[in-house]
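The values are calculated or read from the model by the stated rules, or taken from the named source; none is laboratory data. This structure is a prediction, so every number in the text was calculated from the model and none was measured. Heads up, the Cβs are rebuilt from the backbone with ideal geometry, glycines too, and the neighbour counts pull from every protein chain shown.
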């Protein structure tokens with residue numbers, strides 16, 4: 001954002017206490033990043049009539065939005081496991097609202113990223129007739145991730161593979177597998193999402209879905225244009241009142257090592273996700 005003359009301040013979406021950032025902090029506009037829509041903070045921003053840009057949120061008609069292709073990337077991850085021969089697959093979800101624990105069926109989820117990733121998994125796993133075991137945890141912290149993973153893995157009928165909401169959650173699954181003496185990838189495949197630095201640091205590296213965070217971050221140029229700062233959108237992208245499609249925020253299946261394993265000797269391959277765009281509506 002440096003060329004625009006704008007400064008960026010990271011604020012919590014907390015909506016209680018003497019100071020509520022969304023209500024009390026002076027700002028020209030706001031990026032709403034993966035916010036809980038039940039939070040009063042979002043309502044405060046709308047009531048202030050500030051220019052807003054949604055990031056990792058459900059698109060809305062009145063605001064520009066920036067999203068990656070979560071659903072396409074999740075489909076690639078699920079297809080990867082099916083191609084390796086897995087048919088009993090665990091889903092490890094992360095949510096800010098209950099229910100938590102083992103779920104009778106995968107819940108739709110209230111967040112955009114969770115909902116899209118779950119839909120992508122089910123796009124592939126449903127038609128394949130895969131047997132699913134689903135657990136949902138409160139947030140993505142290390143303790144919560146280990147708690148959710150243990151629900152899936154500490155059982156006699158445990159899955160042979162786990163699809164995780166994020167790499168942070170997948171790391172918890174790897175830790176629990178090690179504690180239980182379950183070999184990865186020999187006895188269990190684990191797939192994350194995001195390709196954060198953690199994915200390459202674990203050994204062997206984690207199989208994950210990479211989202212192009214640089215392309216995603218370029219959505220700030222949309223924000224600059226929305227709040228009236230010239231030169232923050234490429235002219236070729238169109239006018240503010242029309243639909244603007246950027247170069248796309250791709251999600252791509254990658255492997256940093258051998259954290260997935262087929263029942264028959266199978267060489268890991270890269271499975272490309274499809275591309276999405278950020279758009280203004």
### Query
Looking at this structure, is residue 63 within 22 Å of the chain's Cα centre (by Cα), surrounded by 15 or more Cβ atoms within 10 Å (Cβ to Cβ), under 20 Å from residue 213 (Cα atoms) and not assigned by TED's automatic domain parsing to the domain that holds residue 97?
no
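Conditions tested, residue by residue: (1) outside any loop (DSSP other than H, G, I, E, B); (2) closer than 30 Å to residue 133 by Cα.
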| residue | (1), (2) |
| --- | --- |
| 32 | yes, no |
| 38 | no, yes |
| 43 | yes, no |
| 46 | yes, no |
| 57 | no, yes |
| 71 | yes, yes |
| 81 | yes, yes |
| 86 | no, yes |
### Message
Filter region 41-57 down to the residues that are in contact with a helix residue (DSSP H, G or I) (Cβ under 8 Å, 6 or more places away or on another chain), surrounded by 14 or more Cβ atoms within 10 Å (Cβ to Cβ) and at negative phi and list them by number.
### Response
41, 42, 44, 45, 51, 52, 53, 55, 57
### Task
Name, by its number, the condition in (1) assigned to a helix (DSSP H, G or I); (2) within 26 Å of residue 33 (Cβ to Cβ); (3) modelled with pLDDT of 95 or more that does not hold for residue 125.
(2)
### Query
So which helices (runs of 4 or more DSSP H) are wholly in region 162-235 and hold at least 3 residues that are in contact with a helix residue (DSSP H, G or I) (Cβ under 7 Å, 6 or more places away or on another chain) and modelled with pLDDT of 80 or more?
167-179
### Message
So, residue 23, is that one in contact (Cβ under 8 Å) with a residue 24 or more places away in the chain, within 29 Å of residue 137 (Cα to Cα) and surrounded by 13 or more Cβ atoms within 10 Å (Cβ to Cβ) or not?
### Response
no
### Task
Can you confirm whether region 90-109 contains a residue that is more than 21 Å from residue 13 (Cβ to Cβ), outside any strand (DSSP E or B) and touching a helix residue (DSSP H, G or I) at 6+ places or on another chain (Cβ under 7 Å)?
yes
### Query
Quick one: is residue 160 in contact with a strand residue (DSSP E or B) (Cβ under 8 Å, 6 or more places away or on another chain), touching a residue at least 60 places away in the same chain (Cβ under 8 Å) and surrounded by fewer than 22 Cβ atoms within 10 Å (Cβ to Cβ)?
yes
### Count of region 164-182 residues which are farther than 21 Å from residue 82 by Cβ and over 19 Å from the mean Cα position of the chain (by Cα)
6
